[in-house]
Amino acid sequence: MNSDSVAMMNLHEKLHKQETTVCIFGTGDFGRSLGLRLLQSGYSVVYGSRDPKNSLLLPKGSKVMAHAAAACEASVIFVAVQREHYGFLTHLASDLEGKVLVDVSNNIKTGLYAESNAEYLSRLVPGATIVKAFNTISAWALQSGGLDANRQVLICGDQAEAKQQVVDIAQRLGFTALDKGSLRAAAGLEDLPLQLFPLWRLPFYIAIGLAAFIFFYVLTRDVIYERVTNGKDITFRIMVSLANKVFPIVSLVMLALCYLPGALAGFLQLYNGTKYRRFPDWLDRWMLCRKQLGLLALAFAFLHVLYTFVIPIRYYVRYRINVYTISLVKDNKTYEFDNVAAWRHDSYYSMGILGFGLFVLLGITSLPSVSNSLNWKEFSFVQSKLGYTTVLLCTAHAFLYGWDKFLKPYKWWMPPAYMLSLVVPCVVLILKLILITPCVDRKVTRIRQGWERQSKTSANCTDGKTNQPLMA
């Protein structure tokens with residue numbers, strides 16, 4: 001074997017070693033967790049550190065050496081240090097020439113710097129290729145295996161080959177890689193971890209707004225009205241009675257709001273005659289937060305159940321029962337059994353129990369760990385058909401609760417609060433009833449399968465007898 005062949009073999013071995021070796025600058029929590037995950041996935045890991053002797057906390061099987069020596073061992077280098085400590089990289093410019101630097105840093109708040117950390121790094125080390133990635137993955141997700149939303153690695157960079165190397169690493173680690181474009185997108189990626197529950201904001205505002213409105217409504221109708229007209233102080237009812245009116249009303253309205261955008265989308269598709277036309281932005285945003293709306297509604301339903309359980313042990317309730325019982329004894333009267341009332345109360349409780357049971361089922365199946373085990377047809381059946389059944393049962397529960405109260409005189413021309421809770425659910429059920437009628441359902445199904453209504457323009461371009469396009 002001649003010297004050229006030996007040199008070629010050595011070069012191949014060196015390149016292969018660099019492909020299977022990953023370098024990490026930084027020995028903090030993220031760097032250690034990333035190194036452990038890389039080792040478990042079959043990579044060799046070398047750490048670049050200011051103090052190579054301090055390697056007690058690093059994963060077993062990894063190497064640690066000075067930054068310059070570590071950079072020579074791999075073609076891909078993860079920079080797991082904060083932006084404030086990037087200065088040492090300028091002294092390694094020659095060693096980092098041609099390397100792929102993966103910037104995983106984030107800032108403590110948005111708008112802290114005029115340019116993103118990744119773009120700043122590209123100016124410090126112009127000879128290296130910068131890829132922004134793994135900044136949305138936590139150290140905990142690396143250790144636990146990456147669950148649900150933490151499975152996705154967002155990547156951006158200016159060179160496709162460099163991004164592909166990082167994509168290969170992410171996929172080998174068990175993550176899903178999503179290319180977000182050029183390095184100019186790095187600023188947006190760095191802002192993502194700083195957002196606090198972005199999809200929960202609108203549902204949270206809706207819940208707070210509804211709860212505040214219903215609370216002041218029942219406060220005015222029940223407490224303030226009694227104080228003004230009869231001089232009674234029943235403010236003690238705020239803590240339990242009024243709260244137990246607010247929670248179920250908000251829960252039912254928000255549950256209905258989960259299904260209202262789907263019904264509206266069906267009618268929009270009917271109107272447009274196609275599924276290929278974008279929904280309005282407000283409807284898109286509404287549909288994206290349906291899961292959060294439903295989970296908040298379930299939380300209010302749980303509060304309603306808990307508050308209902310304490311009703312029999314309340315001082316006010318026990319006092320009223322004792323006073324009523326004593327009055328019957330004094331007047332020598334009996335409490336007559338009312339068969340209609342018995343049916344009403346049993347039906348009321350039954351609808352509530354069944355509705356809450358299905359509500360809990362909807363909440364459980366919305367959890368990623370459960371929904372991932374369901375195919376699309378199963379998930380659709382639970383969230384759609386059982387979802388509308390839940391709305392129907394909970395609405396029936398509210399109707400049975402109110403019974404004939406709507407016939408009684410209103411206080412200050414204000415209808416009972418339960419009637420407010422029925423508006424949105426009834427609208428949803430009526431719209432759904434229209435959509436599932438055979439003639440409408442058939443047309444919606446065709447549209448969702450790709451059929452489009454022929455426009456007037458295209459109709460004018462066809463021969464009415466043969467239905468063939470007219471030739472120019």
Hey, among Trp403, Trp413, Trp376, which residue is in the same structural domain as Leu268 (by TED's automatic domain parsing), on the phi > 0 side of the Ramachandran plot, out of contact with any Lys or Arg (no Cβ under 7 Å at 6 or more places or on another chain) and modelled with pLDDT under 95? Trp413
Scanning for something over 29 Å from the mean Cα position of the chain (by Cα), modelled with pLDDT of 90 or more and surrounded by fewer than 17 Cβ atoms within 10 Å (Cβ to Cβ), does segment 383-390 turn up at least one residue? no
When Ala114 is evaluated against the numbered criteria (1) at pLDDT 90 or above; (2) among the aliphatic types (A, V, I, L, M); (3) out of contact with any Cys (no Cβ under 7 Å at 6 or more places or on another chain), which criterion, by number, is the only one it fails? (1)
Quick check on my filter: what residues within segment 31-54 are under 25 Å from Arg151 (Cβ atoms) and basic (Lys, Arg)? Arg32, Arg37
Have a look at Leu295, Leu306 and point out the one that is under 30 Å from Leu400 (Cα atoms), among the hydrophobic types (A, V, I, L, M, F, W, C) and surrounded by 15 or more Cβ atoms within 10 Å (Cβ to Cβ). Leu295
Quick count over segment 357-379, residues being outside any helix (DSSP H, G or I) and polar (S, T, N, Q), is 4
Mind listing just one residue for me: the one in segment 84-113 that is surrounded by 13 or more Cβ atoms within 10 Å (Cβ to Cβ) and of a type in the set (Val, Ile, Thr) and, of those, nearest to Thr27 (Cα to Cα)? Val104
Condition (residue is over 22 Å from Leu242 (Cα atoms), assigned to a helix (DSSP H, G or I) and of a type outside the set (Ser, Thr, Tyr)) applied to segment 303-320: is it met by at least one residue? no
Mind checking which residues of segment 276-302 are of a type outside the set (Lys, Arg), farther than 24 Å from Gly352 by Cα and in a helix (DSSP H, G or I)? Asp281, Trp282, Leu283, Asp284, Trp286, Met287, Leu288
Would you be able to say whether some residue in segment 230-238 is out of contact with any strand residue (DSSP E or B) (no Cβ under 8 Å at 6 or more places or on another chain), surrounded by 16 or more Cβ atoms within 10 Å (Cβ to Cβ) and either closer than 20 Å to Phe356 by Cα or of a type outside the set (A, V, I, L, M) (or both)? yes
Here's a check for you: in segment 50-72, which residue that is under 39 Å from the mean Cα position of the chain (by Cα) and in contact (Cβ under 8 Å) with a residue 24 or more places away in the chain is surrounded by the fewest Cβ atoms within 10 Å (Cβ to Cβ)? Leu57
Applying the selection to segment 232-248, what residues are in a helix (DSSP H, G or I) and either over 24 Å from Leu296 (Cα atoms) or among the basic types (Lys, Arg) (or both)? Thr235, Phe236, Arg237, Lys245
Go through the residues of segment 179-188 one by one and say whether even a single one is closer than 29 Å to Pro59 by Cα and either surrounded by 16 or more Cβ atoms within 10 Å (Cβ to Cβ) or acidic (Asp, Glu) (or both). no
Here's a check for you: in segment 150-176, which residue that is hydrophobic (A, V, I, L, M, F, W, C) and without any contact (Cβ under 8 Å) to a residue 40 or more places away in the chain is surrounded by the most Cβ atoms within 10 Å (Cβ to Cβ)? Cys156
Modelled with pLDDT of 95 or more, in the same structural domain as Val340 (by TED's automatic domain parsing), in contact with a Pro (Cβ under 8 Å, 6 or more places away or on another chain) and outside any loop (DSSP other than H, G, I, E, B): is that true of Thr395 in this structure? yes
Ala118 in the same structural domain as Asp168 (by TED's automatic domain parsing), small (Gly, Ala, Ser) and farther than 15 Å from Val22 by Cβ: yes
Counting residues that are more than 20 Å from Asp168 (Cα to Cα), which strands (runs of 3 or more DSSP E) fully inside segment 34-79 reach at least 1? 44-48, 63-65
I need the strands (runs of 3 or more DSSP E) fully contained in segment 108-198, keeping only those with at least 2 residues that are under 22 Å from Asp95 (Cβ atoms). 129-132
Within segment 211-228, is even one residue surrounded by fewer than 21 Cβ atoms within 10 Å (Cβ to Cβ), under 23 Å from the mean Cα position of the chain (by Cα), at pLDDT 95 or above and in a helix (DSSP H, G or I)? yes
Being at negative phi, part of a helix (DSSP H, G or I) and loosely packed, with under 14 Cβ neighbours inside 10 Å: is that true of Tyr324 here? yes
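The values are calculated or read from the model by the stated rules, or taken from the named source; none is laboratory data. Since the model is a prediction, treat every value here as computed from it, not as a measurement. Cβ atoms come from the backbone with ideal geometry, glycine included; neighbour counts cover every protein chain shown.
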